[in-house]
Amino acid sequence: MVRENEIRQGERAVAPPPPTDAGLVFIGVIRTPWTSRMVTPRQGRADGPVCRIEVFDPWREALAGVAAFERLEVLYWLHLSRRDLVMQSPANDGSTRGTFALRSPVRPNPIGTSIATLVGFEGATLLVKGMDCVDGTPLLDLKPDRELFKPIAPPQTGDFEIG
Ligand code: SAM
């Protein structure tokens, strides 16, 4: 069940350090039909509504070549999320899991990712399907779908060694 900011049964919050140790720039904004978290889908759907990803200056030039890709990985900042839960009860039914075992928007660095289908371009605005964020969500990055970027070098000794 979707939440605003309430703590559920079994959940545990911690006092996080001040969020000052990494600087991100918001490179655009995502426009969707959803004005609240309560009505936003949990995950984007390929047959969902067309949403608009507006890229700001000076990053518009970085869109060169993007139109060639049908699928894009979109990274965004889930700006309305609380960031202090280590244990979460997603369905509020008594089952509780660690934050890193969930795709919940509630996490220390609330980064969301979606694989979106590019359906059009209007200037520096991408028209995409497959989003699941509230209208006005800040955009962090756009990348071509990783499936197209398989490793090109054969495996080498040491690739899989740890430590
Ligand atoms: N697809 C992304 C992922 O897997 O990383 C996000 C999944 S998250 C479960 C999607 C939910 O986050 C939505 O259903 C909504 O409740 C919430 N959400 C959407 N936009 C948000 C925002 N800007 N700030 C906080 N929560 C948001």
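Figures for the structure shown
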item	result
Test set (1) within 13 Å of the chain's Cα centre (by Cα); (2) more than 16 Å from the ligand (Cβ to nearest atom) - Cys133 fails condition number	(2)
Hits in the range 132-158 (condition: in contact (Cβ under 8 Å) with a residue 12 or more places away in the chain and in a loop (DSSP other than H, G, I, E, B))	Asp132, Cys133, Val134, Asp135, Gly136, Asp145
Any pair with Cβ under 7 angstrom, 6 or more apart, that starts in the range 18-30 at a residue that is modelled with pLDDT of 75 or more and ends at one that is open to solvent by 80 Å² or more (accessible area, probe 1.4 Å) and not in a loop (DSSP other than H, G, I, E, B)	none
Count of residues meeting criterion [open to solvent by 60 Å² or more (accessible area, probe 1.4 Å), hydrophobic (A, V, I, L, M, F, W, C) and more than 20 Å from Thr40 (Cβ to Cβ)] in the range 93-129	3
Residue check for Gly10: over 17 Å from the mean Cα position of the chain (by Cα), at positive phi and exposed (fewer than 11 other Cβ atoms within 10 Å of the Cβ)	no
Some residue of the range 77-84 being closer than 17 Å to Asp141 by Cα, crowded, with 17+ Cβ neighbours inside 10 Å and within 16 Å of the ligand (Cβ to nearest atom)	yes
Matching residues, the range 13-41, being among the hydrophobic types (A, V, I, L, M, F, W, C), more than 18 Å from Ser104 (Cα to Cα) and under 21 Å from the mean Cα position of the chain (by Cα)	Ala22, Leu24, Val25, Phe26, Ile27, Val29, Ile30
Lone qualifier among Pro151, Pro90 - being open to solvent by 20 Å² or more (accessible area, probe 1.4 Å), modelled with pLDDT under 95, within 13 Å of the ligand (Cβ to nearest atom) and over 19 Å from Pro33 (Cβ atoms)	Pro90
Pairs with Cβ under 7 Å, 6+ apart, first in the range 39-52 and within 9 Å of Gly130 (Cβ to Cβ), second within 11 Å of the ligand (Cβ to nearest atom) and not in a loop (DSSP other than H, G, I, E, B)	Gly44/Ser114; Gly44/Ala116; Cys51/Ile30
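The values are calculated or read from the model by the stated rules, or taken from the named source; none is laboratory data. The structure displayed is predicted, hence computed values, not measured ones. Backbone-built Cβ (ideal geometry, glycine too); neighbour counts: all protein chains shown. Heavy atoms of the whole protein, side chains included, go into the accessibility calculation; ligands, DNA and RNA do not. Shrake-Rupley method; radii C 1.70, N 1.55, O 1.52, S 1.80 Å.
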